[in-house]
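Have a look at the structure below, then the notes.
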Amino acid sequence: MTGNEEFMRRSLAAVWHPCTQMKSHESVPLVPIRRGEGIWLEDFDGARYLDAISSWWVNLFGHCNPRINAALRDQLGRIEHLMLAGFTHEPVVQLSERLSALTDNALGHCFYASDGASATEIALKMSFHFWRNSGKTGKDSFLALENGYHGETIGALSVTDVPLFRDAYAALLRPAGTVPTPDWRGAEPGESPQTFALRQADALERCLERDHARIAAFIVEPLVQCATGMAMHHPAYLRRVRELCDRYEVHLIADEIAVGCGRTGTFFAHEQAGIRPDFLCLSKGISGGYLPLSVVLTTDQVYAAFYSEDPARGFLHSHSYTGNALACRAALATLDIFEQDGVLAANRSTAARLTLACDALHAHPRVTHLRQCGMIWAFDVTRAPADFARRFSQQAMARGVLLRPIGNTVYFMPPYVIDEEAIALLARTALLALDAALED
Ligand SMILES: Cc1ncc(COP(=O)(O)O)c(C=O)c1O
């Protein structure tokens, strides 16, 4: 038995893997990974895979990054974790100050958790509780975008519009209202993404006009709805959303769990619309892909509405690992790399090179809607077979590249440190895997 086979067998016997019909592993092998370095993962038999999706969109500066490793080693010698109720520590204070500063202090307070879905839950609860503390008890529902994804705990699933994830739990959910997506693929022929986005915002306006007294917040993934196939929209949509939310006294929650931390070209995606949300959810890349960390930033106005002699007016929400010192230290090391290496500027030239390398894909007769936003690329495959995603993924893995299409959408979301050689390998492999996956 090879190293891979042994770990595959042991894992299947003991581990329940996420987002997986476990029976599928009877035909699709698990991939046991022994180590990672930079953009590469290596299995137990020594095969290497280019991590072209940043391990579920979390890794920014490569696996086993020496600078993040060093920061964590240093932190291990100080304090690994302590409860954040009644106590505080250096990394959480520094991280909160630095994140606030990145919003020009428009969002002055940070509340921490571990995963993206927990950040969604916190933003929803805080929004509702803010209105309740402000005497508006009727604002007890939420609005979300068609095809939006905000996580899979019960509250987050309530604002997620993905039937595959929702339907089994429908009886447990308190579904949010949804408004049409500004995904520019829905534009009429000749209609610009901007005009289309504004037209879609009219539906939001009608909804808010009618229901604003019941709606606490509108939650949106700015610029790219990632989990439902990298659907991109024009920033004009977000500007209009901000105006409408202000007009109708509805909070705007920016879920930047996937699109934050430089992924769309600016540090925060909402910056491209020249707006600030009332709540900003971050996770995934915030710790460089090292440790589970999420954070909800909000305004001093929201914070002040909870500040009281009355404990019940406070935000009595917690997780044991809230503000974990190691995770915060990884995040600080990540922010250091952004500053010291001029990452956003460097990403612009990396993105230009990868876009150029996509030329052959662009010309492929079965490729449509090739699109890019910052360090995200995607295209849709026409007349794709039902099992296209599995076929493509297996073909890419066999050629040493980790890619996992969403339905018939192939996307690249590589770590920011992807180099010239890997860019060429990625584009070449995607083309070969596409042809192989489309063969009868
Ligand atoms: C936009 C968005 N929100 C929330 C989540 C949920 O994050 P987590 O998987 O860490 O709970 C994700 C995960 O992919 C996401 O893409």
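The values are calculated or read from the model by the stated rules, or taken from the named source; none is laboratory data. Not measured: the values here are computed from a predicted model. Reconstructed Cβ throughout: ideal geometry from the backbone, glycine too, with neighbour counts over all protein chains shown. For accessibility, only protein heavy atoms count, side chains too; no ligands or nucleic acids. Shrake-Rupley method; radii C 1.70, N 1.55, O 1.52, S 1.80 Å.
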### Task
Go through (1) within 22 Å of the chain's Cα centre (by Cα); (2) within 24 Å of Cys245 (Cα to Cα) and name the single condition Cys207 misses.
(1)
### Among the candidates Ala106, Ala101, Ala119, Ala113, residue that is touching a residue at least 40 places away in the same chain (Cβ under 8 Å), among the small types (Gly, Ala, Ser) and surrounded by fewer than 24 Cβ atoms within 10 Å (Cβ to Cβ)
Ala106
## Note on the structure
segment 49-151: helices (runs of 4 or more DSSP H) wholly inside it with 3 or more residues that are under 23 Å from the mean Cα position of the chain (by Cα) and within 16 Å of the ligand (Cβ to nearest atom) are 54-57, 116-133
### Filtered residue count, segment 250-272, keeping only those that are surrounded by fewer than 21 Cβ atoms within 10 Å (Cβ to Cβ), without any contact (Cβ under 8 Å) to a residue 60 or more places away in the chain and farther than 17 Å from Gly108 by Cα
1
## Note on the structure
Selection from segment 220-232 of residues touching a residue at least 60 places away in the same chain (Cβ under 8 Å) and within 10 Å of the ligand (Cβ to nearest atom) yields Val220, Glu221, Val224, Gln225, Cys226, Ala227, Thr228
### Task
Mind telling me which of the residues Ala345, Ala331, Ala325 ends up being over 16 Å from Cys110 (Cα atoms) and aliphatic (A, V, I, L, M)?
Ala345
### Query
Filter segment 54-89 for residues that are touching a residue at least 12 places away in the same chain (Cβ under 8 Å) and among the charged types (D, E, K, R); which is farthest from Ile423 (Cα to Cα)?
Arg78
### Task
Go through segment 276-292 and give me each residue that's open to solvent by 20 Å² or more (accessible area, probe 1.4 Å) and either at positive phi or among the β-branched types (Val, Ile, Thr) (or both).
Lys284, Gly289
### Query
Looking only at segment 183-219, which residues are in contact (Cβ under 8 Å) with a residue 24 or more places away in the chain, open to solvent by less than 60 Å² (accessible area, probe 1.4 Å) and of a type in the set (Asp, Glu)?
Asp183, Glu205, Asp211
### Query
Restricting to strands (runs of 3 or more DSSP E) lying wholly in segment 233-344: which have 3 or more residues that are touching a Phe, Trp or Tyr at 6+ places or on another chain (Cβ under 9 Å), closer than 24 Å to Ala216 by Cα and within 16 Å of the ligand (Cβ to nearest atom)?
251-255, 294-298
### Task
Go through segment 192-215 and count every residue that is within 28 Å of Arg263 (Cα to Cα) and touching a helix residue (DSSP H, G or I) at 6+ places or on another chain (Cβ under 8 Å).
8
### Query
When you go through (1) open to solvent by less than 30 Å² (accessible area, probe 1.4 Å); (2) farther than 26 Å from Ala119 by Cβ one by one for Ala333, which number turns out not to apply?
(2)
### Query
Is segment 376-386 home to any residue that is exposed (fewer than 14 other Cβ atoms within 10 Å of the Cβ) and assigned to a helix (DSSP H, G or I)?
no
### Task
Please enumerate the residues belonging to segment 33-81 that are aromatic (Phe, Trp, Tyr), in contact with a helix residue (DSSP H, G or I) (Cβ under 6 Å, 6 or more places away or on another chain) and open to solvent by 20 Å² or more (accessible area, probe 1.4 Å).
Phe44, Trp57
